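Chemist: Structure incoming, see below.
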Amino acid sequence: TTLFELPGVATGTKIMGCKGITNSGGLMADFWGAGFHLNMSAGQYGNESYWEYTADGSTHKADIVSNSWGWGPGGSYLQLYYYALMYDMASVPNVLDGTSSTSPYPGTLFVFSAGNNGNDYGTTGTPGGSYSVVSVGASITSHFYEGLYGNTQTDGQQVYFSATGPAFTGVVKPDVMAPGYRGVNPQPFHNIWLDGVGDTYYWWQGTSLSCPVAAGVAAIIIDAYYQEHSVKP
């Protein structure tokens with residue numbers, strides 16, 4: 001077995017995986033990544049459970065939560081749905097469980113794909129259309145068409161499928177653009193049709209590719225802040 005290592009955008013970053021693509025799982029997984037846990041102890045009525053921020057936030061608190069998913073097509077009208085508003089609340093420090101004087105909730109940066117619903121008005125999906133999250137559109141930073149058009153005519157342009165704003169309430173979206181066209185990744189199977197060629201590599205694209213690229217850049221910025229102010233993540 002040959003082990004290949006790819007450096008990625010933010011080398012040395014600690015990554016935590018949360019199972020989110022289930023019924024109601026997206027919000028619960030993201031809240032877990034933000035440092036909350038589900039308290040199952042009985043409340044004053046004896047049967048309720050609730051999410052609360054962990055005392056130290058160190059067991060499962062991420063600085064950034066990257067989400068390559070959203071509601072579509074479009075879904076901008078769901079910006080005011082309670083499910084999307086929870087991301088706005090969880091983004092801001094001290095809004096949720098901010099009463100603790102020893103370890104208040106510091107907030108979390110949620111990064112979402114803008115969606116692949118085309119570049120017409122109001123096509124950015126939710127929760128990518130929420131106020132406080134960073135929604136990421138796809139740009140062309142690829143060598144795929146360089147032989148035909150040259151890099152100056154393609155690099156940095158928005159890909160045709162990348163969703164745009166404004167969102168339902170008029171907020172400008174997407175917030176940033178990142179490479180999301182013609183990325184290459186290995187496929188988890190051997191190419192049986194081209195025997196002897198080796199493992200298959202596949203072109204792929206989408207704002208789901210752009211989102212983790214932008215999250216990696218954000219990780220570098222956060223790390224620089226920690227370094228400058230001598231604080232530990």
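Chemist: Across region 116-139, what is the total count of residues that are part of a loop (DSSP other than H, G, I, E, B) and aliphatic (A, V, I, L, M)?
Modeler: Total meeting the criteria: 1.
Chemist: Kindly indicate whether Thr2 is modelled with pLDDT under 75, open to solvent by 50 Å² or more (accessible area, probe 1.4 Å) and not hydrophobic (A, V, I, L, M, F, W, C).
Modeler: yes
Chemist: Consider Leu27 against the criteria (1) in a strand (DSSP E or B); (2) modelled with pLDDT under 85; (3) under 19 Å from the mean Cα position of the chain (by Cα): it satisfies all of them except one. Which criterion is unmet?
Modeler: Condition not satisfied by Leu27: (1).
Chemist: Out of the strands (runs of 3 or more DSSP E) lying entirely within region 143-233, which hold 1 or more residues that are within 30 Å of Gly35 (Cα to Cα), open to solvent by less than 90 Å² (accessible area, probe 1.4 Å) and at pLDDT 90 or above?
Modeler: Filter on region 143-233 gives 176-179.
The values are calculated or read from the model by the stated rules, or taken from the named source; none is laboratory data. In this text the structure is predicted, and so the values were computed from the model without any measurement. Accessible surface is based on the protein model in full, side chains and every heavy atom, while ligands, DNA and RNA are left aside. Shrake-Rupley method; radii C 1.70, N 1.55, O 1.52, S 1.80 Å.
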